Amino acid sequence: MMAGFYVYNNVGIALRCFALGIFGGLGSAFYLVQNGLTIGAILGYVATQGAGANIGTFIIGHGSLELGAIVLSGGAGHSLGWSVVAPGERTRLASLQRTAREILVIVAGAAVMLVMAAGIEAFWSASSTPRVVKLAVGGSLFLLVVAYVLVAGRGATEDPAEGPP
């Protein structure tokens, strides 16, 4: 039941970050900043109450997947919005269509990351697994997210039918 809640909640946040980017990227920026401030405030409060290590151990396993996916969704939405604001030599519609095709791998990757994060959060983050194991897994997942961000979509070739950018 909690996995379903986490998917619902996190996908909702990611969709808002993505979809509202169409307004020149401002909607994405707003939700990313709001989400960051909310998480920071909650973590700060919990830490001042003496439970910072507990919440850190809970978050470490799924945090890089979840937050990475939300940031990638916001960035993809921002790209869509910017393609309408500054289409270059294309029409706004052509620019939007091209950008939508270009960010498809990012959006698909973010969706997979959100499902993985929900599973980890629901079934593993609150488990009695030793802290050192959770830290090791969290660090490994963080490295995978960094690798995805650095590598995804690289090497894609231009479609010669579309002409120059």
**Request:** Treat segment 70-134 as a sphere of radius equal to its Kirkwood radius over Cα pairs and apply Stokes-Einstein at 25 °C in a medium of 0.890 mPa s; give the translational diffusion coefficient in µm²/s, rounded to a whole number.
**Result:** 176 µm²/s
**In Å, descending, principal axis extents of the Cα set of segment 4-67** = 41, 25, 17
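Which percent of the Cα-Cα distances in segment 99-158 go past 12 Å?
Details: 1312 of 1770 pairs.
Beyond 12 Å sits 74 percent of the P(r) for segment 99-158.
Helix-only mean residue ellipticity at 222 nm, the chain, DSSP H runs n ≥ 4 weighted -39,500 (n - 2.57), per residue, nearest 500. What is it?
My calculation for the chain gives -25500 deg cm²/dmol from helical runs alone.
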**Request:** For the chain, set up a Gaussian network in which alpha carbons nearer than 10 Å are linked by springs, and say which option among GLY88, GLY21, GLY77 fluctuates the most.
**Result:** GLY88
**Asked** Just ALA122, ALA94, ALA19 to compare: in a GNM of the chain, with alpha carbon springs under 10 Å, which one fluctuates most?
**Response** ALA94
**the chain: relative contact order as a whole-number percent, Cα under 8 Å and 6+ apart** = 31 percent
**Asked** How long is segment 1-142 along each principal axis, judged by its Cα atoms, biggest number first, in Å?
**Response** 56, 27, 27
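Each reported figure results from applying straightforward, stated rules to the coordinates on display, with no laboratory input. Since the model is a prediction, treat every value here as computed from it, not as a measurement.
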